[in-house]
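To start, the structure itself, in structure tokens.
The values are calculated or read from the model by the stated rules, or taken from the named source; none is laboratory data. Quantities reported herein were computed from a predicted structural model and do not represent experimental measurements. For neighbour counting, all protein chains shown are included, and Cβ atoms are generated from backbone atoms with ideal geometry for every residue, glycine included. Accessible surface areas use protein heavy atoms only, side chains included; no ligands, DNA or RNA. Shrake-Rupley method; radii C 1.70, N 1.55, O 1.52, S 1.80 Å.
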Amino acid sequence: LRRLIVVDRALAIEVLVREAIQRDDQSTAAEWARTLLDLEAHPAASETAQRVFAQIDLASGAADSALRRSEAALARARLTGSLRDAAETELLRCRTLVALGRRTEAATELQRVAASARSRGDEGERREAARQLRALGRRVAPERGSGWEGLTEREREVALLAAEGFGNRAIGDAVFLSPRSVAGIV
């Protein structure tokens with residue numbers, strides 16, 4: 001890693017930290033994160049370092065600290081115009097909001113992130129936002145102006161039944177959904 005330029009070194013360490021967290025190996029993740037301490041003040045690596053420390057905090061249950069760090073990393077990424085880093089940090093911030101019990105705020109942000117990713121053609125970011133929304137029991141809002149084609153098959157069924165005047169309970173019985181789920185679709 002020492003042979004890499006600073007920004008690449010920081011990104012490589014982030015990958016290693018993320019992998020250790022996914023394997024639930026907190027000590028290895030923390031060990032890799034410590035190697036970022038000497039890069040934390042470097043302008044080319046500071047946002048990545050903050051994002052890595054936020055991931056460590058989130059994995060260890062320190063969601064308040066993770067939120068502060070992710071917001072600092074996000075501000076820095078926006079300031080430098082690094083769209084990819086900002087996008088990745090926004091997704092981390094949303095996971096942190098969920099951990100803090102701020103699910104509605106997270107869902108709103110994820111919808112915004114998905115729409116922004118779609119407009120930039122960043123399919124990976126849009127898919128990750130959609131995945132996080134599904135975990136919250138939501139889905140990415142259809143693109144404005146997409147009309148009937150923007151709806152899922154289930155949403156079309158519900159729309160047709162609602163147009164015929166059926167209430168949420170009757171629609172739910174017909175399509176095997178709860179009235180509350182039907183209300184969300186409507």
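The table for this structure:
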| read-out | value |
| --- | --- |
| Residue match in segment 118-128 (condition: without any contact (Cβ under 8 Å) to a residue 24 or more places away in the chain, open to solvent by 50 Å² or more (accessible area, probe 1.4 Å) and within 30 Å of Phe176 (Cβ to Cβ)) | yes |
| Any chance Arg69 is farther than 26 Å from Arg23 by Cβ, without any contact (Cβ under 8 Å) to a residue 60 or more places away in the chain and assigned to a helix (DSSP H, G or I) | no |
| Identity of the residue in segment 17-48, within 18 Å of Leu74 (Cα to Cα) and of a type in the set (Ser, Thr, Tyr), that ends up surrounded by the most Cβ atoms within 10 Å (Cβ to Cβ) | Thr48 |
| Segment 156-186 - residue that is part of a loop (DSSP other than H, G, I, E, B) and among the hydrophobic types (A, V, I, L, M, F, W, C) and, of those, surrounded by the fewest Cβ atoms within 10 Å (Cβ to Cβ) | Phe176 |
| Test result for Leu92, in contact (Cβ under 8 Å) with a residue 40 or more places away in the chain, buried (at least 18 other Cβ atoms within 10 Å of the Cβ) and either among the aliphatic types (A, V, I, L, M) or out of contact with any helix residue (DSSP H, G or I) (no Cβ under 6 Å at 6 or more places or on another chain) (or both) | yes |
| Residues of segment 72-87 satisfying the condition of being under 17 Å from Ser119 (Cβ atoms) and in a helix (DSSP H, G or I) | Arg78, Leu83, Arg84, Ala86, Ala87 |
| Cross-chain or 6+ apart pairs with Cβ under 7 Å, segment 11-29 first and closer than 16 Å to Glu40 by Cβ, then polar (S, T, N, Q) | Leu11/Thr48; Ile13/Thr35; Glu14/Thr48; Val17/Gln55 |
| In segment 132-155, residue nearest to the chain's Cα centre (by Cα) [restricted to those that are exposed (fewer than 13 other Cβ atoms within 10 Å of the Cβ) and among the basic types (Lys, Arg)] | Arg134 |
| One residue from Ala106, Ala54 being aliphatic (A, V, I, L, M), over 24 Å from Val7 (Cβ atoms) and surrounded by 22 or more Cβ atoms within 10 Å (Cβ to Cβ) | Ala106 |
| Candidate set: segment 78-122, residues that are among the polar types (S, T, N, Q) and under 10 Å from the mean Cα position of the chain (by Cα); chosen: the one farthest from Ser46 (Cα to Cα) | Gln111 |
| Selection status of Arg93, part of a helix (DSSP H, G or I) and at pLDDT 95 or above | yes |
